[in-house]
Amino acid sequence: MTDRVTYHGKSAKGEDMTTGHHNYASLSRHAFEQPERFWGGVAERLNWTRKWDQVVGEGQGPIPRWFGGGQINACYNCVDRHVEQGFGEDTALIYESPVTGTSRQLSFRELRDATARLGGAMRQQGVTLGDRVLIYMPNSPEAVIAMLACARIGAIHSVVFGGFAARELAARIDDATPKLILAASCGIEGAKILPYQPILDEACTISAHQPDGTIYWQREQHQADLTGARAMDWVTELAAAEPVACEPVDATHPLYILYTSGTTGQPKGIVRDTGGYLVALSWTMEGLYNCPPGETYWAASDVGWVVGHSYIVYGPLLNRNATVIFEGKPVGTPDAGIFWQIMAKHKVRSFFTAPTAIRAIKQVDPDGDLAAGEDLSALQAVYLAGERTDPSTLEWIEILLGKPVVDHWWQTETGWAICGNPLGVEPLPVKPGSTSVPMPGWQIECLDEQGNPVAANETGAIVARLPLPPGAAPTLWNAEERYVEAYLERYAGYYLSGDAGFIDEDGFVYVMTRTDDVINVAGHRLSSSAMEEVLAANPAVAECAVVGVHDELKGQIPAGFVVLKAGVGATVEELCAELVQDVRREIGPVAAFKRVHLVSKLPKTRSGKILRRNIRQIADGEEPKVPATIEDLSVLDEYLQLFEKREEKS
Ligand code: COA
Ligand code: AMP
């Protein structure tokens, strides 16, 4: 291990290649004072079929429209133009799948040909501009081809993460009403093979909407049954299809819908526009990730999450980077050295993962022995997001690799980083626990309950002043009002992030906790309300609360607190096991719901609001900050005893 890195001053390059700025202050001032010139300048790097009338103009609601009047195609910019510019034989996709023993690469030309054929196959199925296509596939080149093929023909994709169960899938099918599904025959989770067809079939029996059909990418580990009228084979369909060209779409046309958890059980369909998103990602590839064209970029995430959309697929390909698609886990597939091996093998320059993955490696290989001997000289920096990076994890990985580590903050809604360390422009000092500074176009403030800015280092609700920069979601699918209600109504003129934290005297932002009932499990965002709905549906349950409690590995894990109805026959063990199964069946294994506590009462305010925060504080060993409106203070004694006992036992 080397010493902890401290880095001040300029990068070797010392200039943002996209905008020519040499330091963060001038970059952010330019984006703030002249957004049209700043973002218009970045947009010039992309290929537009029709130039925009206005860089930023009025939207339907308070969120602006970026590049209105312009026409562009995301697949063309990510793939075809690189082939046309002579880079067709360069590597676009690097697939590393330790769970199947596969290692494969696709060039930009191969990627273009595959998307052109799949686009043609979808057209044959009647998919046209604006139709939705649901994608249910694991991390694989086929998933990337599926997303880009949709973009190619102007269809709007909606990728659903494999760890969600049929009911969650059905909710997304009913909301997005896809015409077609593109699926894999199975996913592979460590040693487990998970057939996808039964989950899709069950989802379609639950959903009111019925897609016209499903094209299955058949994997050798498990095959889907294609005898039914609506199931088709990927290879056969592609072979029979006519390749299609890229169809220009309006800059404001939705590129995709990505569902994320909100404060209710109904997931929110985050809508991403095409032009603004591509422009924002284009800036980040060099300004933030410092990854020039031709270099290798790796986001060890999943195409089912926003990080996968932005940084496995669109960002790197747009910038002509080779992108690594990893199907496996940071540990156990086969061991905790897999990240370092892949980085060395492919000379990865910029690496992005979730802090929980680093914690998992640290648990198994605390001295980082498995990194020794791997040539990581190409690696310039590590980027962490998805949850707060605790300072000890930051320090461990910094010392192990001797490279800059950037904790950056973003959300499914924003599509790219709100705050980060702009290494491609000017590396700023690292302050452990902070997500650095606002990225260009983001004006971040911390407000108190009344909407007044709080002083430096004081905690408040973190908000972004409107208008939001390009790339941020302009609306929710089918739910414009919910968008306004969830993000814009709380503080006039601001976007409510749902996170709380503080800004220090140097303008560095610290994101500490959610202010709503969203919990973050292993970098995955989950709704406690959705889990409560499942528990409450069990006939034995009178009432319940789910809170995210601290977990050494996953950051948080959900814990259920359940009050039973009188006269329940089952034993405590049977009942707890049943409730765990209920959540797994209804929401999916990704919820990692494994902890149930039976209690006699839930703490509430006099108006009946459950005091989840107090339960969490007690479970995490913190002093509960009890509101004056609590109905019965003595209810908390049971919780204090419960966790005192647990601590004594451990
Ligand atoms: N399809 C089906 N099931 C899935 C799945 C998928 N795509 N992804 C996860 N699951 C299942 C797992 O098999 C597991 O099921 P189990 O209860 O039967 O064991 C459950 O969902 C929880 O999975 P996971 O959160 O991955 O936990 P884990 O214990 O298997 O692994 C970590 C722990 C820390 C290694 C893992 O969470 C990890 O790699 N985290 C990084 C997260 C990340 O990259 N986030 C993206 C944001 S940048
Ligand atoms: P998601 O929409 O799934 O990407 O989750 C977004 C949420 O994850 C944010 O609102 C934060 O609560 C949390 N989050 C993401 N990145 C960070 C970070 N770097 N630091 C703290 N919290 C983060």
Considering (1) open to solvent by 30 Å² or more (accessible area, probe 1.4 Å); (2) within 14 Å of ligand 2 (Cβ to nearest atom); (3) within 30 Å of Ala372 (Cβ to Cβ), say which one His408 fails and leave the rest.
-> (1)
Looking only at residues in the range 524-554 that are touching a Pro at 6+ places or on another chain (Cβ under 7 Å) and among the small types (Gly, Ala, Ser), which one is nearest to ligand 2 (Cβ to nearest atom)?
-> Gly548
Kindly establish whether Ile135 is within 23 Å of Ile325 (Cα to Cα), in a strand (DSSP E or B) and open to solvent by less than 10 Å² (accessible area, probe 1.4 Å).
-> yes
Being modelled with pLDDT of 95 or more, out of contact with any Phe, Trp or Tyr (no Cβ under 9 Å at 6 or more places or on another chain), open to solvent by 20 Å² or more (accessible area, probe 1.4 Å) and part of a loop (DSSP other than H, G, I, E, B), is that true of even one residue in the range 506-513?
-> yes
Between residues in the range 570-595 that are more than 24 Å from Ala170 (Cβ to Cβ) and residues that are assigned to a loop (DSSP other than H, G, I, E, B) and more than 16 Å from ligand 2 (Cβ to nearest atom), which pairs lie under 9 Å by C-beta distance while being six or more apart or on different chains?
-> Ala570/Ala540; Leu575/Asn538; Leu575/Ala540; Leu575/Val568
Test result for Arg490, modelled with pLDDT under 95 and open to solvent by 30 Å² or more (accessible area, probe 1.4 Å) | no
Pairs, first assigned to a strand (DSSP E or B) and open to solvent by less than 10 Å² (accessible area, probe 1.4 Å) in the range 518-545, second aromatic (Phe, Trp, Tyr) and away from ligand 1 (no atom under 16 Å from the Cβ), C-beta under 6 Å, six or more apart = Ala545/Phe561
Might you let me know whether the range 468-478 holds any residue that is part of a helix (DSSP H, G or I), farther than 27 Å from Tyr24 by Cα and of a type in the set (Val, Ile, Thr)?
-> no
Scan of the range 40-65 for residues that are of a type in the set (Lys, Arg), within 20 Å of Gly154 (Cβ to Cβ) and assigned to a loop (DSSP other than H, G, I, E, B), ordered by number = Lys51
Taking the range 333-376 and keeping only residues that are over 17 Å from Tyr297 (Cβ atoms), touching a Leu at 6+ places or on another chain (Cβ under 9 Å) and β-branched (Val, Ile, Thr), one is left with Ile338, Thr356, Ile358, Ile361, Val364
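To keep it simple, each residue is scored yes or no on (1) on the phi > 0 side of the Ramachandran plot; (2) among the β-branched types (Val, Ile, Thr); (3) in contact (Cβ under 8 Å) with a residue 24 or more places away in the chain.
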position: Gly373; (1), (2), (3): yes, no, no
position: Ala385; (1), (2), (3): no, no, yes
position: Thr389; (1), (2), (3): no, yes, yes
position: Trp410; (1), (2), (3): no, no, yes
position: Gly415; (1), (2), (3): yes, no, yes
position: Val463; (1), (2), (3): no, yes, yes
Of all residues in the range 513-554, how many are within 16 Å of ligand 1 (Cβ to nearest atom) and charged (D, E, K, R)?
-> 5
Using beta carbons and a limit of 8 Å, which pairs, at least six apart or on different chains, have the first residue in the range 551-562 and among the acidic types (Asp, Glu) and the second one open to solvent by 50 Å² or more (accessible area, probe 1.4 Å)?
-> Glu552/Gln363
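The values are calculated or read from the model by the stated rules, or taken from the named source; none is laboratory data. Note that the structure is predicted; figures quoted are calculated from it, not measured. Glycine also receives a Cβ, built like all others from the backbone with ideal geometry; neighbour counts cover every protein chain displayed. Note: accessible area is taken over every heavy atom of the protein model, side chains too, but ligands, DNA and RNA are not part of it. Shrake-Rupley method; radii C 1.70, N 1.55, O 1.52, S 1.80 Å.
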